[in-house]
Amino acid sequence: MPDQKAQKITYFVKEATTCPICETKFYREELYSGGGRLVAGELTDELRRLYEPTQKYGELFPLVYVISVCPECYYAAQPQDFVSVTPDIIEKINLDREKRRSTISLIFPQLNFNEPRGLAEGIASYYLAVMSYEYFPPSLNPTFKRGLYSLRAAWLLQDMHSRFPGEHYDYVSRLFYRKAQFFYDRAYELDISGDESLGEVRNFGPDTDKNYGYDGFLYLLCLLRYKYGQRRNRENRIKSLEDSKRILSKVFGIGKASKAKPSVILEKAKVLFEKIGNELKELGQEK
């Protein structure tokens, strides 16, 4: 077990976690709270909270420590779901062990989840979770979570690109944004059909500082379509944008309904609504 006393930014919990896939015992790393470690900065249009670097602690990335990862078999999930796997799921995830290792090694050949995490381990944790949740039951909302974790991986890859601009992490980030857009769209479809109800989601995030609820999910669905959806097929693009405008109009609401919604969502949704309208005008669909 790593020396907790040596950690000033993070610490390793005293109680070991046992991986349900391979039975390896490991210790979760947590970020210390308080002490002026996190100084909140701006909120991006993607509802990501940025944090200001401090002189004492430097630049911190809270998202890096969210996902539990077995350092042996690379099974990954959020702590609440980590042990919520049945024997049939365990078997499938175990069979994919080498696939997880080989896939993540294409981006990060050297990872160490037994030591304090860096950006590489943080990004890898989300990608490993995207792969692991493929086998989770609908009751645990795997499709939505795969979208959320793809989005967070894209964010952290942007951070990696700012540090190492010549390593093409911006390209990989765009791939994860497209993954996020696909899974958010699919989660929306499954919610409408009743096959994977989003009513079971406790925290929509998308970041760790605030839960923007279902309205935040709808806003992000439309934003991801607008920013990262396909543009080659004009007809499909128009259809996607028009549907997004309808969804955003529901987010606005009227009267008491709109007053109860977070003002930041209403403001950002209105800005996005206007941007989508402008693109539809350029495509000849609006006057």
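Taken together, the values in this text are just the output of simple stated rules run on the coordinates, not laboratory data. As the structure is a prediction and not an experimental result, all values here were calculated from the model. In this analysis, Cβ positions are derived from the backbone assuming ideal geometry, glycine residues included, and neighbour counts consider all displayed protein chains.
Only a single item in (1) more than 24 Å from ASP209 (Cβ to Cβ); (2) in contact (Cβ under 8 Å) with a residue 60 or more places away in the chain is not met by VAL66, and it is number (1). GLU98 meets all of the listed conditions (1) crowded, with 17+ Cβ neighbours inside 10 Å; (2) acidic (Asp, Glu); (3) more than 16 Å from ASP209 (Cβ to Cβ) but one, namely (1). Scanning segment 185-240 for residues that are among the hydroxyl-bearing types (Ser, Thr, Tyr) and part of a helix (DSSP H, G or I) yields TYR188, SER193, TYR214, TYR219, TYR226, TYR228, SER240.
Can you confirm whether LYS92 is in a helix (DSSP H, G or I) and within 22 Å of the chain's Cα centre (by Cα)? So that I can check it myself, show each step before the final result.
Numbers: in a helix (DSSP H, G or I): yes; within 22 Å of the chain's Cα centre (by Cα): no.
Answer is no for this residue.
Among the residues of this structure, PHE183 does not count as one that is of a type in the set (A, V, I, L, M, F, W, C) and touching a residue at least 60 places away in the same chain (Cβ under 8 Å).
Can you tell me which residue among GLU121, GLU72, GLU115 is under 30 Å from LYS8 (Cα atoms), surrounded by 15 or more Cβ atoms within 10 Å (Cβ to Cβ) and more than 22 Å from the chain's Cα centre (by Cα)? First the steps, then the outcome.
Working: GLU121 fails: more than 22 Å from the chain's Cα centre (by Cα); GLU115 fails: surrounded by 15 or more Cβ atoms within 10 Å (Cβ to Cβ).
None of the others qualify; the one that does is GLU72.
Within segment 135-170, track down each residue that is farther than 17 Å from GLN78 by Cβ, assigned to a helix (DSSP H, G or I) and out of contact with any Leu (no Cβ under 9 Å at 6 or more places or on another chain). Break it down stepwise before answering.
Restricting attention to segment 135-170, the residues satisfying the condition of being farther than 17 Å from GLN78 by Cβ are 154, 157-170.
Among the residues that remain, those that are also assigned to a helix (DSSP H, G or I) are: 154, 157-163, 169-170.
Those that are farther than 17 Å from GLN78 by Cβ, assigned to a helix (DSSP H, G or I) and out of contact with any Leu (no Cβ under 9 Å at 6 or more places or on another chain): GLN158, HIS161, SER162.
Sort out which residues of segment 110-125 are more than 21 Å from ILE90 (Cβ to Cβ) and assigned to a helix (DSSP H, G or I), and write them in order of number.
So the first thing to find is which residues in segment 110-125 are more than 21 Å from ILE90 (Cβ to Cβ), and the list is 110-112, 114-124.
Passing the criteria: LEU119, ALA120, GLU121, GLY122, ILE123, ALA124.
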